[in-house]
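The values are calculated or read from the model by the stated rules, or taken from the named source; none is laboratory data. Not measured: the values here are computed from a predicted model. Neighbour counts are summed over all protein chains in view; Cβ atoms, including those assigned to glycine, are modelled from backbone coordinates with ideal geometry. Please note that ligands, DNA and RNA were not included when accessible areas were found on the heavy atoms of the full protein model with its side chains. Shrake-Rupley method; radii C 1.70, N 1.55, O 1.52, S 1.80 Å.
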Amino acid sequence: MDNKNIVFVCEHGAAKGIVASVWFNKLAAKNGLDIHAVARGIHPDAELGPRAVSGLADDGLAPAESAPQKLSLADVESAQHMVTFCELPQEYQDKASAESWAEVPDVSDGYESARDAIVAHIEELIERLNR
């Protein structure tokens, strides 16, 4: 595939997508995958979620993004794969197939449980991408 990126989309682009993109990039590199993940938001917050940032820091990781970024058509069109934690906006629904991880708990309700659910999904996704 020419497109070598994964787009993680959450409502505010500040927590779940950030945690997912950081962990995906770490685990993809560990597994020798030449794929990069980014986080995007439907209605981005002004800043990254403090629980996501501090939880990642406790894991020895840091987000690549300094602030949440809004999902764009270019993101959708360049994605090898998309994962959503919320409903994809109508204008993008016909332009991309997206996998839903909507059942992942909110980072604000506990970083560790959200991270563990996200990492479990990522490990399965990486296994599929390696086939």
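Between S54 and E77, what length comes free when the chain is fully extended (0.36 nm per residue of separation minus the Cα-Cα distance, one decimal in nm)?
Net length gain for the segment: 5.1 nm.
Could you report the accessible area of H36 in Å², rounded to 10, computed with a 1.4 Å probe on the protein chains as they sit in the structure?
90
Could you calculate the FRET efficiency of N31 with S113 from 1/(1 + (r/R0)^6), where r is the beta carbon distance between them and R0 is 22 Å, rounded to 0.05?
Numbers: r = 24 Å, r/R0 = 1.08.
Result of the calculation: an efficiency of 0.40.
Please arrange E11, E112 by accessible surface area, largest first, computed with a 1.4 Å probe and ligands excluded.
Numbers: E11 70, E112 105 Å².
Result, largest first: E112, E11.
For the chain, what is the convex hull volume of the alpha-carbon atoms per residue, in Å³?
97
Quick one: ranking W101, W23 by accessible area, 1.4 Å probe, largest first, what do you get?
Solvent-accessible surface, decreasing: W23, W101.
Suppose all protein chains stay in the model; what accessible area per residue would a 1.4 Å probe give for the stretch 1-112, in Å²? Write out the running numbers ahead of the final one.
Details: 5650 Å² over 112 residues.
Per-residue accessible area for the stretch 1-112 comes out at 50 Å².
Could you tell me the extents of the stretch 17-78's C-alpha atoms along the three principal axes, largest first, rounded to whole Å?
The Cα atoms of the stretch 17-78 stretch 30, 29, 13 Å along their principal axes.
Compute the length gained on full extension between K70 and K4: take 0.36 nm times their separation in residues and subtract their Cα-Cα distance, giving the result in nm to one decimal.
Gain on extension, K70 to K4, equals 21.8 nm.
Would you mind telling me which residue in A20, A96, A57 has the biggest mean-square fluctuation in a Gaussian network model of the chain, where springs connect alpha carbons within a distance under 10 angstrom?
Result for the chain, Cα springs under 10 Å: A57 fluctuates most.
How much length, in nm to one decimal, is gained on full extension between E99 and A62, taken as 0.36 nm per residue of separation minus their Cα-Cα distance?
On the way: separation 37, 0.36 × 37 = 13.32 nm, distance 2.46 nm.
Extending this stretch completely gives an extra 10.9 nm.
Positive end of the dipole of the chain, charges at C-beta (+1 Lys, Arg; -1 Asp, Glu), about the Cα centre: which of L61, A102, Y92 has its Cα farthest in that direction?
Among L61, A102, Y92, the one farthest towards the positive end of the dipole of the chain is L61.
Please find, in a Gaussian network model of the chain (springs between Cα atoms separated by less than 10 Å), the residue of L88, L56, L73 whose mean-square fluctuation is greatest.
Answer for the Gaussian network model of the chain: L73.
How do D34, D106 rank by accessible surface area computed with a 1.4 Å probe, from largest to smallest?
Most to least solvent-accessible, the answer reads D34, D106.
Can you tell me which of P44, P105, P89 moves the most in a GNM of the chain? Springs connect C-alpha atoms under 10 Å apart.
P89
Could you tell me the accessible area of D75 in Å² (1.4 Å probe, neighbours in place), rounded to the nearest ten?
Roll a 1.4 Å probe over it and D75 shows about 20 Å².
Compute the separation of the alpha-carbon centres of the stretch 49-66 and the stretch 67-131 and state it in Å as a whole number.
17
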